[in-house]
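Here's the structure, in structure tokens; my notes come after.
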Amino acid sequence: MRKKKNLKSRWATVSSGRLAEDPAQYRGRWLSLYPPAKALFVELGCGKGRFLCEWAGRRPDILFVGLERTPEALLMTMEKAAARGLHNIRFISGDAAAICDLFAPGEIDRLFVNFCDPWPSNKRAKRRLTHRNFLRLYRVVLRPEGELHFKTDNRPLFDFSVSEVEAVGAQLLRHSVNWHDDPDYPGEDVMTEYEEKFSSQGVPICRCVCRLADGTTPEDSENTAGTA
Ligand SMILES: C[S@@+](CC[C@H](N)C(=O)[O-])C[C@H]1O[C@@H](n2cnc3c(N)ncnc32)[C@H](O)[C@@H]1O
């Protein structure tokens, strides 16, 4: 992503009340930041934020947290949230690998991973946000009935991800290799920037939903979670 002009001053303008400074301090009490919320939804690698802001506008009963490691992208997301006057959205500037330091066991109701970097070389497979090491971390922070929602345009990454879901013994609730043509497609699903770009080029969008809980308590899982 290109450098942004006046990043520092723009950041200062929109980050107040949105960006969680020292986010680990909210571990276990994210919902207290927005008491009307009944649930916590988190997007990892939220990019420029279209998906998150659209969802937050539609669901004022949910607190959304966007985690993104590229400041330029996060700035654009925060600017979108500010322009729309969204109160039910917070941001973390950081890496998904730290998710267990940021959220308590069982704290998250839903995790979104959208169009994550495919890292095509097998040598870099552990960096994929759907690698089993990441799934084991997500299992800790998701509540037992919570769900991971994953979308991508990249079929090899999708197939890899589904096999990782199976490898950790998770439950695959939905699986579609052409989501926009799927009978379950709601017709006006919220699209991410990448989804809009690839689907307008005719590339099929793959999507799966899974439940990661394996019957152990979140506390048990925390002790066995791998690192990414
Ligand atoms: C390909 S873009 C997709 C952006 C957006 N989700 C979409 O669908 O339009 C991937 C995004 O994930 C972010 N990202 C990649 N790895 C990450 C990590 N380990 N932790 C946090 N963000 C990450 C990148 O900075 C980038 O903004």
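The values are calculated or read from the model by the stated rules, or taken from the named source; none is laboratory data. Keep in mind that what you see is a predicted model, and the values were worked out from it rather than measured. Here the Cβ is made from the backbone with ideal geometry for all residues, glycine too, and neighbour counts use every protein chain on show. SASA here: full protein model, heavy atoms, side chains in, ligands and nucleic acids out. Shrake-Rupley method; radii C 1.70, N 1.55, O 1.52, S 1.80 Å.
Just one of (1) within 15 Å of the ligand (Cβ to nearest atom); (2) open to solvent by 10 Å² or more (accessible area, probe 1.4 Å); (3) of a type outside the set (Asp, Glu) fails for residue 139. It is (1).
Residues checked against (1) closer than 16 Å to residue 53 by Cα; (2) within 11 Å of the ligand (Cβ to nearest atom):
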| residue | (1), (2) |
| --- | --- |
| 85 | yes, no |
| 98 | no, yes |
| 109 | no, no |
| 128 | no, yes |
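The single condition among (1) within 16 Å of the ligand (Cβ to nearest atom); (2) under 28 Å from residue 144 (Cα atoms) that residue 22 does not meet is (1).
Of the residues making up segment 106-134, just one is assigned to a helix (DSSP H, G or I) and crowded, with 24+ Cβ neighbours inside 10 Å, namely 134. Listed by first and then second residue, the pairs with beta-carbon distance under 6 Å, at least 6 apart or on different chains, first residue in segment 70-99 and of a type in the set (Asp, Glu), second at pLDDT 95 or above and open to solvent by 10 Å² or more (accessible area, probe 1.4 Å), are 79/14; 95/69.
Screening segment 1-43 for residues that are among the basic types (Lys, Arg) and over 13 Å from residue 76 (Cα atoms) and picking the one that is surrounded by the most Cβ atoms within 10 Å (Cβ to Cβ) gives 27.
Confirm whether residue 145 is without any contact (Cβ under 8 Å) to a residue 24 or more places away in the chain, out of contact with any strand residue (DSSP E or B) (no Cβ under 6 Å at 6 or more places or on another chain) and not small (Gly, Ala, Ser). For residue 145, the condition - without any contact (Cβ under 8 Å) to a residue 24 or more places away in the chain, out of contact with any strand residue (DSSP E or B) (no Cβ under 6 Å at 6 or more places or on another chain) and not small (Gly, Ala, Ser) - is not met. Please go through (1) surrounded by fewer than 16 Cβ atoms within 10 Å (Cβ to Cβ); (2) outside any helix (DSSP H, G or I) for residue 91 and return the number of the only condition it doesn't satisfy. Only one criterion is unmet by residue 91, namely (1). Scanning segment 1-52 for residues that are hydroxyl-bearing (Ser, Thr, Tyr) and out of contact with any helix residue (DSSP H, G or I) (no Cβ under 9 Å at 6 or more places or on another chain) yields 9, 16, 34.
Table: residues versus (1) farther than 21 Å from residue 26 by Cα; (2) in contact with a strand residue (DSSP E or B) (Cβ under 8 Å, 6 or more places away or on another chain).
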position	(1), (2)
90	no, yes
98	no, no
102	no, yes
119	yes, no
123	yes, no
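Taking residues in segment 156-182 that are aromatic (Phe, Trp, Tyr), and partners anywhere that are not in a loop (DSSP other than H, G, I, E, B), the pairs with Cβ atoms closer than 6 Å and at least 6 places apart or on different chains are 158/152; 158/206; 179/207. Just for segment 146-178: of the residues that are of a type in the set (S, T, N, Q) and open to solvent by less than 20 Å² (accessible area, probe 1.4 Å), which one is farthest from the ligand (Cβ to nearest atom)? Here the answer is 176. If you go through segment 56-79 and keep only what is open to solvent by 40 Å² or more (accessible area, probe 1.4 Å), under 24 Å from residue 152 (Cα atoms), assigned to a helix (DSSP H, G or I) and away from the ligand (no atom under 12 Å from the Cβ), you end up with 57, 58.
Looking only at segment 95-105, filter to residues that are assigned to a helix (DSSP H, G or I) and either at pLDDT below 95 or hydrophobic (A, V, I, L, M, F, W, C) (or both); which one of those is most open to solvent (accessible area, probe 1.4 Å)?
Taking the candidates together, the pick is 97.
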